[in-house]
1. Out of the residues in the range 108-125 that are touching a strand residue (DSSP E or B) at 6+ places or on another chain (Cβ under 7 Å) and not in a strand (DSSP E or B), which is most open to solvent (accessible area, probe 1.4 Å)?
2. Give just the number: which of (1) of a type outside the set (A, V, I, L, M); (2) closer than 24 Å to residue 68 by Cβ; (3) open to solvent by 50 Å² or more (accessible area, probe 1.4 Å) does residue 23 not satisfy?
3. Return only the number of the condition from (1) surrounded by 15 or more Cβ atoms within 10 Å (Cβ to Cβ); (2) within 19 Å of residue 55 (Cα to Cα); (3) in contact with a Leu (Cβ under 6 Å, 6 or more places away or on another chain) that residue 79 does not satisfy.
4. Could you count how many residues in the range 76-103 are within 12 Å of the chain's Cα centre (by Cα) and either over 20 Å from residue 61 (Cβ atoms) or of a type in the set (Phe, Trp, Tyr) (or both)?
5. Does residue 96 satisfy the criteria of being under 27 Å from residue 150 (Cβ atoms), open to solvent by less than 40 Å² (accessible area, probe 1.4 Å) and assigned to a strand (DSSP E or B)?
6. Can you pull out every residue in the range 26-74 that is open to solvent by 20 Å² or more (accessible area, probe 1.4 Å), under 23 Å from residue 157 (Cβ atoms) and not in a loop (DSSP other than H, G, I, E, B)?
Amino acid sequence: MVNVSGDTDASTSGGGIKVSGQKGSVRVSTSGGGITIVESEGDIYGRTSGGGIKLENNRGDLDVSTSGGPIRISGYAESVKASTSGGGIDVNISGLTKKLSLSTSGGGIRARVPAGVGMDLDLHGGRVNVDEISNFRGSMKKNHVSGSINGGGIPVRMHSSGGNVSFAFN
């Protein structure tokens with residue numbers, strides 16, 4: 001689907017879904033392929049059991065999950081909720097204003113977020129690596145970081161039971 005105005009609801013059991021230039025909310029699901037959504041304006045809800053998910057430069061709240069592949073999110077995003085049981089998660093975003101919630105049982109998590117923003121961190125993994133943080137209050141251990149940056153604010157939850165967690169700033 002390219003350059004669609006209005007809300008979109010689409011599903012397939014036999015292939016992937018690609019959306020570009022959507023103006024309105026997107027609700028997609030597939031059991032047989034991946035999901036790619038780029039340059040859309042509106043909230044995104046995506047589910048797949050048979051492939052990866054790729055989101056680029058989408059304005060709105062993002063809520064995606066897959067049981068069969070990795071998740072890649074880049075560009076602008078206000079709120080992100082992403083989970084996978086079959087791969088890693090790689091997030092590099094600007095514009096975060098609401099929340100960041102990432103979880104995987106089958107890989108690691110890497111996130112790059114805007115610097116200078118107040119956040120409440122809850123990071124768990126085999127090993128947790130964090131960029132140098134100023135104005136941090138809390139606890140830093142090898143596999144768990146919990147506390148606030150810049151007085152707290154946006155909730156940031158990153159949990160990996162199958163890999164490491166890396167948290168850095170843009």
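The values are calculated or read from the model by the stated rules, or taken from the named source; none is laboratory data. Quick caveat, the model's predicted, so the values are computed rather than measured. Don't worry about glycine lacking a Cβ; one is built from the backbone with ideal geometry, like all the others, and counts go over all protein chains shown. Surface accessibility is based on the protein's heavy atoms, side chains included, excluding ligands, DNA and RNA. Shrake-Rupley method; radii C 1.70, N 1.55, O 1.52, S 1.80 Å.
1. Ranking the candidates gives 115 first.
2. (2)
3. Checking residue 79 against (1) surrounded by 15 or more Cβ atoms within 10 Å (Cβ to Cβ); (2) within 19 Å of residue 55 (Cα to Cα); (3) in contact with a Leu (Cβ under 6 Å, 6 or more places away or on another chain), the one that fails is (3).
4. Of the residues in that region, 2 qualify.
5. no
6. Within the range 26-74, 45, 47, 54, 56, 59, 61, 63, 65, 72, 74 qualify.
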